[in-house]
Amino acid sequence: MNPDDLIVRLSAEVGQRPRRSIPASLITAVSAATIVTLGLSYAFLAPIEWTPQQLMQPVFMLKIVFLVSLLLASLSIVRDLSSPGRKVSLQLKLALVPFLILAVLSYDEVTVRHPGGLQHELLHQSVVACLLHVSLLAIPAFVILVFTVKAFAPVDLSRAGLHIGVLSGCIGALGYAFHCHDEFITLVAVSYTLVIVQMGLIGALLGPRLLRWA
């Protein structure tokens, strides 16, 4: 076989395999991580008996929509970073949309509905509890995702680690979301943004070490 033809054939095979296998593998990993996280959350955190009325509260619904939309955007980014040769552009913009919406709603809450400020609520111990519990709940998801993505040999390890951290932070936050009553959008915006950014930074720092091939 001509060497040039062989190179083209091998390149085509390498380009086709991730498109079929990576999405399925990541969906399986995210599903498993979510189940494990919800199980740990139920086992170790004090369960709250939610009523249908509480589940339909605007702040709770906004929290779930924010986390799920960011999770889906992050999943798409991790998928592309796991595939050598794929570019990430539109997904990054989509991932910023949930944060922007939450920021606008928080600004409206602080300036219009609570012009006196929410300093007391933002300094409340629930923010610290959120940071601690979500970080702990995100660890199993982070481990599962690292081993899944590592199998596909990503090239940009820092960026892959960053978005794995964000994705695991979303999963950890989902596990914690059912165990806290948030009355203010600003409290949700501050606590969940901080913990997701924190997990992203941890992922970016550990990515080059954990995702590289030995």
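Once the piece of chain linking Ala129 and Val65 is laid out straight, how much longer is it, given 0.36 nm per residue of separation minus the C-alpha distance between them?
Full extension of this stretch gives 20.9 nm more.
What distance in nm separates the two pseudo spin-label positions at Ala24 and Leu40, each 7 Å out from Cα along the beta-carbon direction?
With each label placed 7 Å out from Cα toward Cβ, I get 2.8 nm.
I want the local charge near Ile77. Using Cβ-Cβ distances under 15 Å, sum +1 for each Lys or Arg and -1 for each Asp or Glu among the other residues.
Details: positive: Arg79, Arg86, Lys87, Lys93, Arg159; negative: Asp80, Asp156.
For residues surrounding Ile77, the net value is +3.
Take the solvent-accessible surface of the protein heavy atoms, probe 1.4 Å, and return the percent of it on the range 137-214 that carbon and sulfur atoms account for.
72
In nm, to one decimal, how far is the modelled label at Asp156 from the one at Asp108, with both set 7 Å along Cα→Cβ?
Distance between label points: 3.3 nm.
For the range 140-214, go through all pairs of different Cα atoms, get the mean of 1/r, take its inverse, and jot down that Kirkwood value in Å.
12.8
Spin-label point model (7 Å from Cα, Cβ direction): what's the Glu183 to Leu92 distance in nm?
4.0
Past the 14 angstrom mark, what percentage of all C-alpha to C-alpha distances in the range 58-100 do you count?
Distances greater than 14 Å cover 50 percent of the Cα pairs.
The values are calculated or read from the model by the stated rules, or taken from the named source; none is laboratory data. It should be emphasised that the depicted structure is a prediction, and the values quoted were computed from it without experimental measurement. Using ideal geometry, Cβ is built from the backbone for each residue, glycine included, and neighbour counts are taken over all protein chains shown. Surface accessibility is based on the protein's heavy atoms, side chains included, excluding ligands, DNA and RNA. Shrake-Rupley method; radii C 1.70, N 1.55, O 1.52, S 1.80 Å.
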